[in-house]
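Participant: Dumping the structure here so I can ask a few things about it.
A short reminder: the numbers here are calculations on the coordinates, not readings from a lab. Small disclaimer: the values here were computed from a predicted structure and weren't measured. Counting neighbours? That spans all protein chains shown, and the Cβs are built from the backbone with ideal geometry, glycine included.
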């Protein structure tokens, strides 16, 4: 009998690809969604409702949960911290607790924004001191802590593991609401092309360093983690040496302005209407109220030590 994975947020950019990766690996897969549920492949689940979580877990009986669902928009989290904590922290704690009671492995998708990203600090290991620069990072770190706390008793094996990832890109669907920050850069390039003579150029951040990573690669890594941790839990529950925090990232290094130039080249568009911009030196136009880090590069050695490949698709070649 094939093992079963449940993927929350399966209608989103990452969750959709994670679900596909499990299917390719011959797992039984069910996704969850709320406004974009599509039974039977994506069942409806209100993560803010504890009884709904219990119902879905009892009906689906997964071996592994990959928890992708989240408020992943930093500006939205800054605007409404309470709503962000409700989905990123409280519901995560409920899901992890109910999963633990049922001996289900939980892989919690977190972010590089749990680190401060100050110049000179990166790369960050899994044990590096955290210091989120904004509400989004704070809520994801608190989400990590709820998962680790809910699954701290390892008598059943390691049933809770955090996977931190950076900014992502992948195959969006037509109804995806702002798939990721990478796609906002594509939009900026297209906007610049349409500017009329004399209009101000489009400013694109050339300060913060990012490591854009393909959702396909994250999906593959999730499958490898799921196999290892679920098999360990069944074969040797007393074994407690598996790490509880892992990190995955591409090694491709870009500022948003670098990415804009890549997209302009691919689309055959000029770059003369795109302006490299340093938000740390400009208090006015275009500056978000949400602090972004300078460099949150993730060290991936913890995955390598488990024998899990950290190879990644090339950013330019993928597009």
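Participant: Could you give the nm distance between label points at residue 103 and residue 23, where each point is 7 Å from its Cα heading toward the beta carbon?
Facilitator: 3.0 nm
Participant: Would you mind getting me the FRET efficiency between residue 58 and residue 301? Use the beta-carbon distance for r and R0 = 45 Å, nearest 0.05.
Facilitator: 0.75
Participant: How would 259, 1 line up from fewest to most surrounding beta-carbon atoms within 10 angstrom?
Facilitator: Working: 259 26, 1 4.
Ascending Cβ contact count within 10 Å gives the list 1, 259.
Participant: Take each of the peptides 13-22, 42-51, 125-134, 245-254, average the number of other beta-carbon atoms within 10 Å over its residues, and list them starting from the highest.
Facilitator: Ranked from most to least packed, the peptides come out as 13-22, 245-254, 42-51, 125-134.
Participant: Follow-up question, since we're still on this one. What FRET efficiency, computed as 1/(1 + (r/R0)^6) with R0 = 41 Å and r the Cβ-Cβ distance, is obtained for residue 118 and residue 2, rounded to the nearest 0.05?
Facilitator: Once rounded, the FRET efficiency stands at 0.35.
Participant: Let me ask another. Between 84, 70, 276, which gets the highest mean-square fluctuation from a Gaussian network model of the chain, Cα cutoff 10 Å?
Facilitator: 276
Participant: Let me ask something additional. Give me the Å³ per residue figure for the convex hull around the C-alpha atoms of the stretch 15-169.
Facilitator: 128 Å³
Participant: Shifting gears a bit: What FRET efficiency do you get for residue 127 and residue 191 if R0 is 41 Å and r is their Cβ-Cβ distance, rounded to the nearest 0.05?
Facilitator: My answer for the efficiency is 0.45.
Participant: Any idea what % of Cα-Cα pairs in the stretch 129-212 are farther than 17 Å?
Facilitator: That fraction is 68 percent.
Participant: Give me 152, 54 sorted ascending by neighbouring Cβ count inside 10 Å, so fewest comes first.
Facilitator: 152, 54
Participant: Can you give the angle from 0 to 90° between the axis of helix 50-60 and the longest principal axis of the chain, with both taken from C-alpha atoms, to the nearest 10?
Facilitator: Orientation of helix 50-60: about 70 degrees from the principal axis.
Participant: Please give the contour-minus-distance gain from residue 41 to residue 280: 0.36 nm per residue of separation, less the Cα-Cα distance, rounded to one decimal in nm.
Facilitator: 81.6 nm
Participant: What full-extension length gain, to one decimal in nm, is calculated for residue 309 and residue 73 as 0.36 nm per residue of separation minus the Cα-Cα distance?
Facilitator: Gain in length upon complete extension: 82.1 nm.
Participant: Taking a label point 7 Å from the Cα of residue 241 along the Cα→Cβ vector, which residues of the stretch 133-158 have an amide N closer than 19 Å to it?
Facilitator: 154-158
Participant: Okay, moving on. Return the ratio Rg/(2.2 N^0.38 Å) for the chain, where Rg is computed over Cα atoms only.
Facilitator: 1.01
Participant: Then there's this: Taking each pair of distinct Cα atoms in the stretch 37-78 once, what is the resulting Kirkwood hydrodynamic radius in Å?
Facilitator: On the way: mean 1/r = 0.0828 Å⁻¹.
This gives a value of 12.1 Å.
Participant: Relative to the first principal axis of the alpha-carbon coordinates of the chain, what is the inclination of helix 135-150, with its axis defined by its Cα atoms, in degrees from 0 to 90 and to the nearest 10?
Facilitator: Taking the Cα atoms of the chain, the angle to 135-150 is about 10 degrees.
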